[in-house]
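Only one structure is covered here, and it is reproduced in the block below.
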Amino acid sequence: MSEAEYVPPAVWTWDKANGGQFASINRPIAGPTHDKELPVGKHPFQLYSLATPNGQKATILFEELLGAGHAGAEYDAWLINIGQGDQFSSGFVAINPNSKIPALLDRSGPEPIRVFESGAILLHLAEKFGAFIPTEAKGRAECLSWLMWQMGSAPFMGGGFGHFYHYAPFKIEYAIDRYAMETKRLFSVADRRLGEARFLAGDDYSIADIAAYVWLGNLYRGEAYGDAATFLSLHEYANVGRWVAEIDARKAVQRGRMVNRGQGPLDQQLRERHDASDFDLRTQDKLEPAES
Ligand SMILES: N[C@@H](CCC(=O)N[C@@H](CS)C(=O)NCC(=O)O)C(=O)O
């Protein structure tokens with residue numbers, strides 16, 4: 001069916017398979033579909049996630065904190081396979097009623113604290129460790145502003161542009177035009193900011209950069225949504241390119257991007273992370289011969 005033939009009924013009902021890539025996991029209702037507890041490891045933080053851009057925000061910050069010497073930031077990262085519906089288990093829904101990765105259980109205090117939404121996880125950890133967030137009022141406000149900007153703009157890039165340009169079973173020019181324009185506008189916003197400051201919040205790398213980098217970086221490098229980098233002429237955003245290259249080079253970022261990854265080169269996939277040594281010993285290239 002093309003968009004020209006579709007006349008919305010008076011009341012929408014969920015009675016059709018739309019054939020889209022996510023048809024099997026998308027539902028119009030919240031809540032668990034099955035009973036299953038989440039595993040719990042030995043570290044103070046339990047992360048339930050997947051290495052999508054939103055998931056990588058949390059793992060990059062954990063690796064940054066550990067790299068900066070915050071030993072209390074040790075974490076177990078468990079893989080949530082969203083294609084198989086793991087986000088709808090009773091255990092996961094108890095931590096994130098919105099059934100989306102990433103979800104965090106902070107067990108470092110007297111009682112466990114659940115945190116969901118990647119931006120809330122970044123803020124929770126940055127405040128807890130007093131790191132990657134400016135302390136003075138002006139810098140902190142700038143950091144939170146860019147963090148919220150990113151959280152608000154991701155659905156336009158992913159659910160909007162990425163969905164209609166790459167995943168939708170047929171191409172709708174109106175939708176692609178609308179979200180391509182918005183995605184380019186967002187790149188332009190970042191590019192102008194990064195033309196006047198080294199990082200989004202100013203001189204220092206912060207959680208605002210981590211949040212924005214995973215999205216803008218993937219798109220800029222041509223690693224998201226097929227030929228999107230070419231389609232959107234992302235090479236035009238030179239300041240974004242300079243900033244992406246600088247963050248790409250950070251060791252903690254390289255490690256964080258590998259955690260909970262279930263696709264791509266085997267030596268870049270650390271599906272579960274329970275110890276710093278896992279990066280050397282438990283990437284999929286090392287496990288797969290034994291597993292097969
Ligand atoms: N606003 C949320 C978005 C999280 C999100 O969209 N997660 C996706 C993967 S990137 C997910 O879990 N999708 C599973 C589903 O929609 O069922 C955040 O930033 O944490």
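Being touching a Phe, Trp or Tyr at 6+ places or on another chain (Cβ under 9 Å), modelled with pLDDT under 95 and more than 10 Å from the ligand (Cβ to nearest atom) is the requirement here; does residue 20 meet it? Judged against the criteria, residue 20 is a match.
In the stretch 122-131, is there at least one residue being over 19 Å from residue 47 (Cβ atoms) and either within 12 Å of the ligand (Cβ to nearest atom) or of a type outside the set (S, T, N, Q) (or both)? Checked the stretch 122-131: at least one residue is over 19 Å from residue 47 (Cβ atoms) and either within 12 Å of the ligand (Cβ to nearest atom) or of a type outside the set (S, T, N, Q) (or both). The sole residue among 51, 77, 58 that is within 16 Å of the ligand (Cβ to nearest atom), in a loop (DSSP other than H, G, I, E, B), buried (at least 18 other Cβ atoms within 10 Å of the Cβ) and among the hydrophobic types (A, V, I, L, M, F, W, C) is 51. Checking each residue in the stretch 225-272 for being touching a His at 6+ places or on another chain (Cβ under 8 Å), crowded, with 21+ Cβ neighbours inside 10 Å and assigned to a loop (DSSP other than H, G, I, E, B) picks out only 225.
Which one of 101, 121 is out of contact with any His (no Cβ under 6 Å at 6 or more places or on another chain) and in a loop (DSSP other than H, G, I, E, B)?
Details: 121 fails: in a loop (DSSP other than H, G, I, E, B).
Residue meeting the stated conditions: 101.
So if I check each of 237, 225, which one is of a type in the set (Phe, Trp, Tyr), more than 20 Å from the chain's Cα centre (by Cα) and at pLDDT 95 or above? The unique qualifying residue is 237. When residue 106 is tested against (1) more than 15 Å from the ligand (Cβ to nearest atom); (2) surrounded by fewer than 18 Cβ atoms within 10 Å (Cβ to Cβ); (3) under 26 Å from residue 271 (Cβ atoms); (4) not hydrophobic (A, V, I, L, M, F, W, C), just one condition goes unmet, and that condition is (2).
The values are calculated or read from the model by the stated rules, or taken from the named source; none is laboratory data. Quick caveat, the model's predicted, so the values are computed rather than measured. No Cβ is skipped: glycine too gets one built from the backbone with ideal geometry, and neighbour counts run over all protein chains shown.
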